[in-house]
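Working notes for the structure below.
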Amino acid sequence: MARKCRKCVKHKDRKCRGKRCKLWIRHAIKKPGALTKTVIARYGKAGFTDEGTIKGEVLRRLAKVEGTTGKRARLAMTLRRLRR
């Protein structure tokens, strides 16, 4: 029997039907923009590329940090790999 995503059932999202949640990225990002604000606070403009994305070096450094910031940085690295 297929399990539905609890969050989609809770919010009655119609896009999430079937075995796996197709909106897992939306559910994984709890606070959009929080990592960007952390990078601004720690590194300022030096933490970003000319395009406005967070530098890979900064992401790798933040991924080593424990806690919420580390989790967000690791997810950002995963999403960056999916974008290719």
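Values computed for the structure shown
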quantity	calculated
Sequence-separation-based contact order of segment 31-84, relative, with Cα cut under 8 Å and 6+ spacing, percent	25 percent
DSSP-assigned coil residues among GluC sites (Glu not before Pro) in segment 38-77, each with at most 12 further Cβ atoms within 10 Å	51, 66
Amide hydrogen neighbours beyond the local backbone of residue 22, cut-off 5 Å, H modeled	17
Rh (Kirkwood; distinct C-alpha pairs) - segment 31-84, Å	11.1 Å
5 angstrom amide H check on residue 48, placed H, neighbours 5+ away	55
Per-residue ³J(HN,Hα) for segment 22-29, Karplus 6.51 cos²θ - 1.76 cosθ + 1.60, θ = phi - 60°, Hz, x for Gly and Pro	7, 9, 5, 5, 4, 6, 6, 8
Table column - 3J(HN,Hα) (Hz), segment 40-49, Karplus curve with 6.51, -1.76, 1.60, x for Gly and Pro	4, 5, 8, 10, x, 6, 5, x, 10, 7
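Here, each number is a calculation from the coordinates, and none is a lab measurement. The structure displayed is predicted, hence computed values, not measured ones. Cβ sites come from the backbone with ideal geometry, for glycine too, and all protein chains shown count toward neighbours.
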